[in-house]
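Participant: The structure's right below; bear with me while I get my questions together.
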Amino acid sequence: MRWPLGLVAAMLVTSASAAMRQAPIVNGVATVDHPAVGALLFPGEAARASLLCSGTLIGCRTLLTAAHCVERTSPSSLVVYFQHFGFAGVSAITVHPDYRFPTADLAVLTLSTTVTGIAPAAIDVVGGQAAGSGGTIVGFGRSGGTSQDYGLKRQGRVTLSPCSGGLSDASSICWVFAPPIGAPGEDSNTCNGDSGGPLLLDGDGTARVAGVTSGGSSPTCLAVDLSHDTRVSAFASFVLAASGGDGGGACSSLPEVGSADTTVSAFAGLLDPETPEATHALTVAPGADLLRVTMNAHDDGSDFDLYVRAGSPPTTTAYDCAADGSGQFAACEVSGPQPGPWYVLVRQYVGSGGYQVTATTFTSLCADPANDGAACDDGNACTVGEHCTGGRCAGGATLVCDDGITCTADTCIPATGCRHEERHDTCAPCGACDAAAGCVLGPRPDCRSPAVAGGSLLKLRDTVGDGDLLVWKWIKGAAVTAADLGTPATTTDYRLCLYDESGAEPSLVARAEVPSGGTCDTGPCWRSADGTLRYRNPARTPDGIAKLLIKPGAPGKATITLRGKGNLLPPLPTLPLALPLRVQLHADGAACFEARYGGAGTRRNDAATFVGHD
């Protein structure tokens with residue numbers, strides 16, 4: 001199996017940007033369509049960033065990409081480029097907790113700014129795509145073979161095939177790129193730099209993200225190649241949860257690309273030392289609110305610059321906007337652009353290759369007095385019934401978001417609309433809030449797992465007298481931040497819950513409380529230093545827990561250690577354990593952590609002791 005189509009850059013994330021090239025579409029065609037498909041760049045400085053992977057905007061501030069693209073990066077080291085928007089930083093990365101390439105090769109990125117003027121793409125939650133059906137792949141990767149032509153946005157069609165080579169149709173979507181090869185765009189393949197980009201399938205008239213580009217069998221990406229994407233529907237619950245309700249509704253009052261209130265002008269060309277510059281012209285209509293001009297070019301060490309000017313062609317010294325950094329991605333934005341001719345100059349500074357320029361103008365509906373009184377969208381998803389009045393969209397009523405479920409916190413987010421956040425701390429101890437059914441007895445669905453197999457340890461000892469022992473270690477865990485841990489020094493109670501999953505339904509077999517606040521020995525029970533939480537209680541009240549240490553960290557670095565002993569421990573489950581067993585640590589109103597036991601990691605399971613790894 002070929003390496004993941006973004007692995008090279010992920011491995012070299014600390015190296016010079018020229019060395020960090022990822023997996024344009026093989027046998028594809030250049031495009032400025034699919035506005036939601038963007039380029040994931042490194043480092044997080046737009047002026048000098050290079051291509052890392054591709055991705056798809058699925059919410060106003062949410063990007064879906066491949067886990068292998070970001071597993072060794074930090075949010076601040078990334079920036080995302082869209083042809084019709086420009087650049088957005090990254091504030092958070094959530095990798096699927098079960099990611100082991102190629103399984104669950106998905107990551108959700110939270111952007112640091114709202115992407116306006118682009119409709120987020122819908123994800124496929126149904127699945128069931130059959131072999132022989134077609135789809136469209138989109139990305140900024142290279143065109144295969146020995147070419148290094150990263151950076152151009154391309155698309156192409158594929159025909160799905162059954163997965164093979166150890167890949168499962170349940171979790172992957174596959175196709176074979178093999179002769180006879182059709183015309184460009186009609187028979188295509190993904191390659192390095194396309195990783196994280198979408199496989200779009202049509203259903204009910206809407207193109208949905210059914211797959212996320214992951215890898216393939218040929219290192220050149222040329223025929224014959226078995227290519228595979230991660231099947232989004234198989235992991236839709238993760239994507240939706242990680243998106244945090246960010247999706248649906250307009251992202252702002254700005255019209256979206258594709259509507260009658262936007263105009264797109266696209267230009268392309270080749271530059272080299274013999275032809276070092278090219279000038280393109282466009283016309284901005286009266287009433288335009290915004291003009292965005294972007295450039296993406298061959299990202300192979302070349303350096304092209306972008307200049308924009310109204311009324312006459314720009315030069316490198318006369319312009320209204322310039323983007324002349326060392327990177328091959330650039331963006332200019334002009335508010336209230338004057339009507340009439342505008343000109344774009346693309347100039348070669350170093351190297352040679354192709355480029356794409358996208359100029360997008362946005363005109364609001366209400367800017368035209370003739371539309372006064374017409375229905376409009378003010379971009380606030382928490383209002384309904386707006387209409388144009390006095391040149392602006394206003395007059396909406398407040399949207400009511402109550403879902404009738406007592407354990408959900410119902411709020412409205414202007415960018416995305418109603419959000420129904422599960423509040424597990426409102427349910428019985430070790431119970432869970434179900435967004436459809438309310439409180440149920442059972443494991444929480446939002447817990448984080450260890451980042452690697454064997455990344456946790458459970459030890460139970462059941463003896464006569466004061467010799468009972470409970471040790472749980474969650475090591476090499478998924479990413480954890482200090483903000484995930486609540487405020488146990490004052491209000492956040494912690495609770496360890498053990499569930500027997502050997503039957504048809506999980507059953508709670510033991511729990512131990514670690515209460516918030518309190519004084520232990522001569523000082524507070526809970527202390528915090530360098531972001532690490534420490535609970536120490538020599539008296540082990542109320543439930544026998546003497547120690548709980550939680551250390552936040554990046555994926556594979558976060559750790560939790562819990563230790564309890566003695567006759568204050570609640571009754572432990574009967575040994576030997578009925579397996580599988582799930583252990584969860586709940587933080588009321590905050591994060592949840594878990595591990596499962598019962599497989600090959602079981603080291604001992606008898607009437608006195610259980611020792612096992614997940």
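The values are calculated or read from the model by the stated rules, or taken from the named source; none is laboratory data. Predicted model, so just to flag it, every value in this text is computed and none were measured. Methodologically, a virtual Cβ is constructed for each residue, glycine included, from the backbone with ideal geometry; neighbour enumeration extends over all protein chains shown. Areas reflect the complete protein model, heavy atoms only, side chains present, ligands, DNA and RNA absent. Shrake-Rupley method; radii C 1.70, N 1.55, O 1.52, S 1.80 Å.
Participant: With equal scatterers on the alpha carbons only and no solvent term, can you work out the Debye log10 of I(q)/I(0) for segment 337-468 at 0.13 1/Å?
Facilitator: Cα-only, vacuum Debye calculation for segment 337-468: -0.87.
Participant: Can you give the calculated 222 nm mean residue ellipticity of the chain, where each DSSP H run of n ≥ 4 adds -39,500 (n - 2.57) and the sum is split over every residue, rounded to the nearest 500 deg cm²/dmol?
Facilitator: Roughly -500 deg cm²/dmol at 222 nm, from the helical runs in the chain.
Participant: For segment 367-416, how big is the tail of P(r) above 18 Å, as a whole percent of Cα pairs?
Facilitator: In whole percent, the share of Cα-Cα pairs in segment 367-416 beyond 18 Å is 41.
Participant: Bins of 10 Å, beginning at zero and ending with the bin holding the largest distance: percent of Cα pairs per bin for segment 330-371, please.
Facilitator: Using 10 Å bins, I get a P(r) of 16, 42, 25, 12, 5, 0 for segment 330-371.
Participant: Using only the heavy atoms of the protein chains and a 1.4 Å probe, how would SER528, SER91 rank by accessible area, largest first?
Facilitator: Putting SER528, SER91 in descending order of accessible area: SER528, SER91.
Participant: How many percent of the accessible area of segment 469-605 is carbon or sulfur, using a 1.4 Å probe?
Facilitator: It is 50 percent, rounded to a whole number.
Participant: Further question on the same structure: Test of understanding: what is the full-extension gain from THR541 to THR398, defined as 0.36 nm times their sequence separation minus their Cα-Cα distance?
Facilitator: 46.7 nm
Participant: Mind giving me the nanometre distance, one decimal, between the label points for THR159 and SER528, set 7 Å out from Cα along Cα→Cβ?
Facilitator: 5.9 nm
Participant: In Å and whole numbers, how far do the C-alpha atoms of segment 160-219 stretch along each principal axis, longest first?
Facilitator: 34, 30, 23
Participant: Something else now. Multiply the residue gap between ALA131 and ALA236 by 0.36 nm, knock off their C-alpha separation, and tell me the result in nm, one decimal place.
Facilitator: Roughly 35.7 nm would be gained on extension.
Participant: Averaged across orientations, what area in nm² does the convex hull of the alpha carbons in segment 191-320 project?
Facilitator: Here the figure is 13.1 nm², rounded to one decimal.
Participant: Just order 597-609, 168-180 by mean Cβ neighbour count inside 10 Å, highest at the front, would you?
Facilitator: Order by mean packing, descending: 168-180, 597-609.
Participant: Multiply the residue separation of ARG604 and ALA504 by 0.36 nm, subtract the distance between their alpha-carbon atoms, and state the gained length in nm to one decimal.
Facilitator: Extra length available between ARG604 and ALA504 comes to 33.5 nm.
Participant: Related question: Does segment 231-386 classify as rounded, prolate or oblate by the C-alpha gyration tensor (a ≥ b ≥ c root eigenvalues; a/c under 1.5 gives rounded; else a/b over b/c gives prolate, otherwise oblate)?
Facilitator: It is oblate, given that a/c is not under 1.5 and a/b is not larger than b/c.
Participant: Between ALA67, SER77, HIS96, whose Cα lies farthest towards the positive end of the dipole of segment 31-101 when Lys and Arg beta carbons carry +1 and Asp and Glu beta carbons carry -1, centred on the Cα centre?
Facilitator: Farthest towards the positive end: SER77.
Participant: At a 1.4 Å probe radius, carbon and sulfur cover how many percent of the accessible area of segment 92-166?
Facilitator: So the carbon and sulfur contribution to the accessible surface is 52 percent.
Participant: Let me ask something additional. Taking every Cα atom in segment 454-508, find the radius of gyration and the maximum pairwise distance Dmax, and write them in Å.
Facilitator: 15.2, 41
Participant: In Å², what does the accessible area per residue of the chain work out to with a 1.4 Å probe?
Facilitator: For the chain, the per-residue accessible area is 39 Å².
Participant: Turning to a different aspect of this structure: Rolling a 1.4 angstrom probe over the protein chains, ignoring ligands and nucleic acids, what is the accessible area of SER217 in square angstrom, nearest 10?
Facilitator: 60 Å²
Participant: So, one more: Rounded to whole Å, give me the distance from the Cα center of segment 312-347 to that of segment 40-98.
Facilitator: If we compute the Cα centre of each part, the gap is 25 Å.
Participant: Further question on the same structure: Is the shape of segment 213-258 rounded, prolate or oblate, going by the alpha carbon gyration tensor and its root eigenvalues a ≥ b ≥ c, with a/c under 1.5 for rounded and a/b larger than b/c for prolate?
Facilitator: oblate
Participant: If amide H atoms are built 1.01 Å from N in the plane of the peptide, which residues on other chains or at least 5 residues away come under 5 Å of the amide H of SER516?
Facilitator: Counting only residues 5 or more places away or on other chains, the set is ASP493, TYR494.
Participant: Which one of PHE42, ALA435, LEU533 has its Cα pushed farthest toward the positive end of the charge dipole of the chain, where Lys and Arg give +1 and Asp and Glu give -1 at the Cβ?
Facilitator: LEU533
Participant: Quick one: pull the percent of accessible area on segment 277-402 belonging to carbon and sulfur, 1.4 Å probe, ligands and nucleic acids left out.
Facilitator: Of the solvent-accessible surface of segment 277-402, carbon and sulfur hold 48 percent.
Participant: Taking a ≥ b ≥ c as the square roots of the Cα gyration tensor eigenvalues, with a/c under 1.5 meaning rounded and otherwise prolate when a/b beats b/c, else oblate, which class fits the chain?
Facilitator: Prolate, since a/c reaches 1.5 and a/b exceeds b/c.
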